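Notes for the one structure printed next.
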Amino acid sequence: MTSVLYDAPGPVARRREHLGSLVGAGLLLVLLAAGVWWGAREGLFAADRWDVLYDPPKNQTAADVWQSMVIRGLGATLRAAAVAAPLALVLGLALAVWRTTRHAVVRAPAVVVIELFRGLPVLLMMFFGLLALGLDAFQAVVFGLVVYNMAIIAEILRAGLASLPKGQTEAAYAIGLSRSQTLFTILLPQAVRTMLPSLIAQLVVLLKDSSLGFIVGYPELLKSMQNNAQFFGNRYFIALFLVGAGVYLVINLTLSWVARWISRRSARSGGTADDAALNEVQIAQNAPGGRPL
Amino acid sequence: MNVITDNLDAYVAGFVVTLQLTLLAAAASMALGLVLAALRVSPIRVLRAVSATYVEVVRNTPLTLVFFFIVFVAPQLGNLPPIDFGTTALLALSLYTAAFVAEAVRSGINSVGVGQAEAARAVGLTFGQTLREVVLPQAVRTVIPPLINVFIALTKNTSVAAGFGVVELMGTGRRLGVVNAADGEWVLIGVAIFYLLITIPLGLVAGAVERKVAFSR
């Protein structure tokens, strides 16, 4: 392990760490065992808690259950995300370009839009679509996701443009490119490349936020978990939840892993190790605050 | 427009609930997040793994799913004492935000150059001195702006509690919006103003701190 805090351990420290790891692992096992014991006592592992996944009651087949979860539930989640993501990217790009204009008066609306929507909950914008604009649930979910994420994406691209060395612009002007040529052929391609990990991290956020559809009445993955549990009985909530949570984790962890892989790769080719560290900090920052919560 | 001034009491009541949720969840997630971050940089492998797993799993889980778990799934785990909506929201928001706090703190500690700590040890400072005099003062500067951003996100995330029985700002807006359907947009613009009252000043503080503590390495 490389850490700021310690030197490479010598034999004594290594033995101590080894001992500590053993004790820690022991404690963890004890905790797990206690959990399993509790679960067994409450009958959590009995077949009647899980058979909804392979042999459901009420004359339904397992295929029905999986279809309602994966095809209808996850399908609806992915559909909302798949419509919202490209729109948010395009509008975010447009806002980022708008924000680079020279005159403060022209630039102001873009700045206001970005700052405004960055500071508001996604759920509020979904309700705005639903209650104020009269959209249906699907449109309201997409509206909320697009409006919020375009502001964040514009902000990510702005940070990417700001991180480029000044010489890039100067060189482009020196060879006679116009302002827009400089922006579109020199600066933006580099900004997008530097910020690719942050942009992918933002897609994870978008996908996570699509679950807010549950609250505004869009029948997505969480809703299909709830529907199945209400139909088959609340005792199946655990099994159904594990499927739903597993689906989210698999998709999001894959996307996060791709983001990290890209940032490592771009660090190796051309960039420096500092870029990779910078990217990681940016992913961390964009995720929660600028927000990826 | 009148709908906002007419229902100012309801707005303020909702705003207070949102503020309470935000502050309490911020304190709880800060405590849990610091523990997680400490585990994450500890020399014991198992503890590092536990903390890393928690952070990775929670960061990739929707907050709605955390609420969903506490409200619908946890009661099926056995005879647990029932908890009210407010406590549920507090629990979900704290467990969720702690992962982001831990990540911000960890990247702050790691952003301090390795040479700094090596030099500190080379001049004979103890572990405690190294941490207190060299690493943490530098780490805190890098950590504060992202941490403020985490809490801005937390403020916005408290709105999810509206979907699970808490009448905070968003929940208030939803109720008023249904009652005054004709003025739906004004009701929600009122809600937006109250959220911006928290998030924009916090954002300005984060930016100011960032500029103030910016230093070249």
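The values are calculated or read from the model by the stated rules, or taken from the named source; none is laboratory data. Just so you know, these numbers come straight off a predicted model, no measurement behind them. Cβ atoms come from the backbone with ideal geometry, glycine included; neighbour counts cover every protein chain shown.
Here are A:Gln67, A:Gln60: which of them is of a type outside the set (Asp, Glu), touching a helix residue (DSSP H, G or I) at 6+ places or on another chain (Cβ under 9 Å) and away from every other protein chain (no Cβ under 13 Å)?
Details: A:Gln67 fails: touching a helix residue (DSSP H, G or I) at 6+ places or on another chain (Cβ under 9 Å).
Of the residues listed, the single one that is of a type outside the set (Asp, Glu), touching a helix residue (DSSP H, G or I) at 6+ places or on another chain (Cβ under 9 Å) and away from every other protein chain (no Cβ under 13 Å) is A:Gln60.
Within the stretch B:116-127, can you find the residues that are over 17 Å from B:Val41 (Cα atoms) and surrounded by fewer than 16 Cβ atoms within 10 Å (Cβ to Cβ)?
The first filter runs over the stretch B:116-127 and keeps only residues over 17 Å from B:Val41 (Cα atoms), leaving B:119-126.
Residues satisfying the conditions are B:Ala119, B:Ala122, B:Val123, B:Gly124, B:Thr126.
For the stretch A:199-236, give me the residue count where each residue is in a helix (DSSP H, G or I), of a type in the set (Phe, Trp, Tyr) and over 17 Å from A:Tyr54 (Cβ atoms). I'd like the intermediate steps shown before the answer.
Residues of the stretch A:199-236 in a helix (DSSP H, G or I): A:199-216, A:221-232, A:234-236.
Subsequent filtering for residues that are of a type in the set (Phe, Trp, Tyr) retains A:214, A:231-232, A:236.
Checking the rest, the ones that are also over 17 Å from A:Tyr54 (Cβ atoms) come to A:214.
Qualifying residue count, the stretch A:199-236: 1.
Only one of A:Leu120, A:Leu124, A:Leu78 is under 19 Å from A:Ile215 (Cβ atoms) and surrounded by fewer than 18 Cβ atoms within 10 Å (Cβ to Cβ); which? Don't jump to the end; show me each part of the working.
Values: A:Leu120 fails: surrounded by fewer than 18 Cβ atoms within 10 Å (Cβ to Cβ); A:Leu124 fails: surrounded by fewer than 18 Cβ atoms within 10 Å (Cβ to Cβ).
One residue alone meets the criteria, A:Leu78.
Filter the stretch B:75-101 down to the residues that are farther than 17 Å from A:Phe214 by Cβ, assigned to a helix (DSSP H, G or I) and at the interface with chain A (Cβ under 10 Å from one of its Cβ atoms) and list them by number. Spell out the reasoning first.
Here is the first cut: in the stretch B:75-101, the ones farther than 17 Å from A:Phe214 by Cβ are B:75-84, B:86-87, B:90-91, B:94-95, B:97-101.
From what's left, assigned to a helix (DSSP H, G or I): B:75-77, B:86-87, B:90-91, B:94-95, B:97-101.
Within the stretch B:75-101, B:Pro75, B:Gln76, B:Leu77, B:Thr97, B:Ala99, B:Phe100, B:Val101 qualify.
State all residues of the stretch A:245-257 that are in contact with a Leu (Cβ under 9 Å, 6 or more places away or on another chain) and more than 7 Å from chain B (Cβ to nearest Cβ); if no residue qualifies, say none. Break it down into steps so the answer makes sense when it comes.
We begin by selecting, within the stretch A:245-257, every residue in contact with a Leu (Cβ under 9 Å, 6 or more places away or on another chain); these are A:245, A:247-248, A:251-252, A:255.
If the condition is that a residue be in contact with a Leu (Cβ under 9 Å, 6 or more places away or on another chain) and more than 7 Å from chain B (Cβ to nearest Cβ), then A:Val247, A:Ile251, A:Leu255 are the ones that fit.
If B:Ser42 satisfies every condition in (1) surrounded by 15 or more Cβ atoms within 10 Å (Cβ to Cβ); (2) more than 13 Å from chain A (Cβ to nearest Cβ); (3) hydroxyl-bearing (Ser, Thr, Tyr); (4) more than 19 Å from B:Val166 (Cβ to Cβ) but one, which is the exception?
If we test B:Ser42 against (1) surrounded by 15 or more Cβ atoms within 10 Å (Cβ to Cβ); (2) more than 13 Å from chain A (Cβ to nearest Cβ); (3) hydroxyl-bearing (Ser, Thr, Tyr); (4) more than 19 Å from B:Val166 (Cβ to Cβ), just (2) comes out false.
One residue is enough: does the stretch B:60-69 have a residue meeting the conditions more than 7 Å from chain A (Cβ to nearest Cβ), modelled with pLDDT under 90, assigned to a helix (DSSP H, G or I) and touching a Leu at 6+ places or on another chain (Cβ under 8 Å)? Outline the logic, then answer.
Step one: filter the stretch B:60-69 for residues more than 7 Å from chain A (Cβ to nearest Cβ), giving B:66-67.
If we keep only those that are modelled with pLDDT under 90 as well, we get none.
No, because not a single residue in the stretch B:60-69 is more than 7 Å from chain A (Cβ to nearest Cβ), modelled with pLDDT under 90, assigned to a helix (DSSP H, G or I) and touching a Leu at 6+ places or on another chain (Cβ under 8 Å).
Residues are listed down the side, and each one gets a yes or a no for (1) aliphatic (A, V, I, L, M); (2) under 30 Å from B:Gly115 (Cβ atoms); (3) in contact with a His (Cβ under 6 Å, 6 or more places away or on another chain):
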site: B:Ile144; (1), (2), (3): yes, yes, no
site: B:Leu147; (1), (2), (3): yes, yes, no
site: B:Val166; (1), (2), (3): yes, no, no
site: B:Arg174; (1), (2), (3): no, no, no
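Restricting to the stretch B:102-121, name every residue that is within 15 Å of B:Ala38 (Cβ to Cβ), among the aliphatic types (A, V, I, L, M) and at the interface with chain A (Cβ under 7 Å from one of its Cβ atoms).
B:Ala104, B:Ile109
Considering only the stretch B:167-189, how many residues are more than 8 Å from chain A (Cβ to nearest Cβ) and surrounded by 24 or more Cβ atoms within 10 Å (Cβ to Cβ)? Talk me through it step by step, then tell me what you get.
Filtering the stretch B:167-189 down to residues more than 8 Å from chain A (Cβ to nearest Cβ) leaves B:167-169, B:171-172, B:175-176, B:179-180, B:182-183, B:186, B:189.
From the residues that got through so far, the ones that are surrounded by 24 or more Cβ atoms within 10 Å (Cβ to Cβ) too are B:168-169, B:172, B:176.
Residues meeting the conditions: 4.
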